[in-house]
Structure formats: C-alpha cells, structure tokens
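S.K.: Would you mind keeping the following structure in view while I ask a few things?
The values are calculated or read from the model by the stated rules, or taken from the named source; none is laboratory data. Since the model is a prediction, treat every value here as computed from it, not as a measurement. Here the Cβ positions follow ideal geometry from the backbone for every residue, glycine too, while neighbour counts run over all protein chains shown. Side chains are part of the model used for accessible areas, which takes the heavy atoms of the whole protein and leaves out ligands, DNA and RNA. Shrake-Rupley method; radii C 1.70, N 1.55, O 1.52, S 1.80 Å.
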Amino acid sequence: MRPSDLTLGAVFLAVTLAAAAQDTVIDTQRSTIAIHVGKAGLFSAAGHDHWINAPLSSGTIRESPSPHVEFRVETAKMTVKPDPKVDAKTQADIQKDMEEMTLETKRFPEITFRSSRIEKLAEGQWKVEGELSLHGVTKPVSLTVKRTGDSYTAHTVLKQTTFGIKPISVGGGVIKVKDEVEIDFTIVPRRT
C-alpha cells in the first residue's frame, strides 16, 4: 500500500466520522411540547385544567456516535389551548396571566434544554440527563426517551416552584394551580 493510499484512506475515514457526528436540525413544525396544568384547592371544581402548547423555536439532535439534544422555546409564543368550557374573555385572561404572572415572558424570554448525558437503556429507549433553564433558573432534569418511528417521545413531571415560579392562587388558596405540571415531548429530527 502506498503512502498516498493511506492518506486518502485517513481523509475518507475522517470525513465519514465527521458526517456521522453532525447535528440534525429538529423539525420545529412537527415537534411538540404539551404542558398539562392541573387545579387544586378546596374549591378546585370551580377552577380549570389547562393544556399549554410550547412550540420549539429551534434545536438540534445528534444520534451517534455521541448522542446529544438541545432545543429552545420562546415563552411569548406559548399558548393556552382553547377550552370549550371557558368563555373568550376568561380564556384571554388565562393567557395573559400565564404570560405576565407565571412565565414573566418579558423578563424570561426563553426556555432551553441541553443534554449532558444520554445512556441507552434498551432498543429504542434512552435515559437523557441535562440542564433545563426556565424562568431564570437552571436545574438538572432526567427523562426516559423512547423512539417511535422517526420521533422521540418523553413524559415528565416538574414542579413550578423548583424554577422559582409561584403557582397562581385565588381566594387565599381555595382555588389554585397545582405546583406539579405534566410535560409531553415529541421531538422529530428533520430528515433530508
């Protein structure tokens, strides 16, 4: 084997490894984050559960050789899904309260997640650890992520107070928002 063949082989191997390690853009149109906010308190029956849509603004995912995922959500683009049991004015008030009182979108314009470690648990299943930045607070989180078709899904429960958010309370706490919120992720890499 000639030295030029070795050089050509090394270049080919380097290009192949670099291509395998490239990040893939997350398809923000097909990816979703849905947040369920429950109600609590003595008169919780008078309150409302809410589903919130948190569209991804950007993100990347690397599947191999060293898996990694990161994404960003603009808090001002988060919306409370319409509830047929709630009139338009109340719906608008709920949206405004989420933006101004809960998320404080002007002070904290984005939510970010960046993985620090991804461990394969089984075929099509991983433990993803990383840092979630929300409401000006960064905390470690851990999720179990499953692959279904071309998407990655996960479900987790977080406490708002962990991130410095005070759940909304009315009437001295007889109607209030639960501290725990449920979050469902569906992340879809954009395939070329």
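S.K.: Can you spot a residue in the range 180-190 that is without any contact (Cβ under 8 Å) to a residue 40 or more places away in the chain and buried (at least 17 other Cβ atoms within 10 Å of the Cβ)?
M.R.: Scanning the range 180-190, I find no residue that is without any contact (Cβ under 8 Å) to a residue 40 or more places away in the chain and buried (at least 17 other Cβ atoms within 10 Å of the Cβ), so the answer is no.
S.K.: If I ask for residues that are loosely packed, with under 13 Cβ neighbours inside 10 Å and closer than 20 Å to THR28 by Cβ, which ones from the range 135-154 would you list?
M.R.: Across the range 135-154, the qualifying residues are THR148, GLY149, ASP150.
S.K.: Take the residues in the range 160-178 that are of a type in the set (D, E, K, R) and modelled with pLDDT of 80 or more, then tell me which one is surrounded by the most Cβ atoms within 10 Å (Cβ to Cβ).
M.R.: The extreme case among them is LYS178.
S.K.: Can you pull out the residues in the range 96-116 that are open to solvent by 40 Å² or more (accessible area, probe 1.4 Å) and either in a helix (DSSP H, G or I) or small (Gly, Ala, Ser) (or both)?
M.R.: Correct list: LYS96, ASP97, GLU99, GLU100, MET101, SER116.
S.K.: Within the range 110-128, does at least one residue satisfy the condition of being touching a Lys or Arg at 6+ places or on another chain (Cβ under 7 Å), of a type in the set (Gly, Ala, Ser) and over 25 Å from VAL177 (Cα atoms)?
M.R.: Yes, some residue in the range 110-128 is touching a Lys or Arg at 6+ places or on another chain (Cβ under 7 Å), of a type in the set (Gly, Ala, Ser) and over 25 Å from VAL177 (Cα atoms).
S.K.: Can you tell me which residues in the range 117-134 are in a loop (DSSP other than H, G, I, E, B) and open to solvent by less than 40 Å² (accessible area, probe 1.4 Å)? Steps first, please.
M.R.: Going through the range 117-134, the residues in a loop (DSSP other than H, G, I, E, B) turn out to be 123-124.
Within the range 117-134, just GLY124 meets the criteria.
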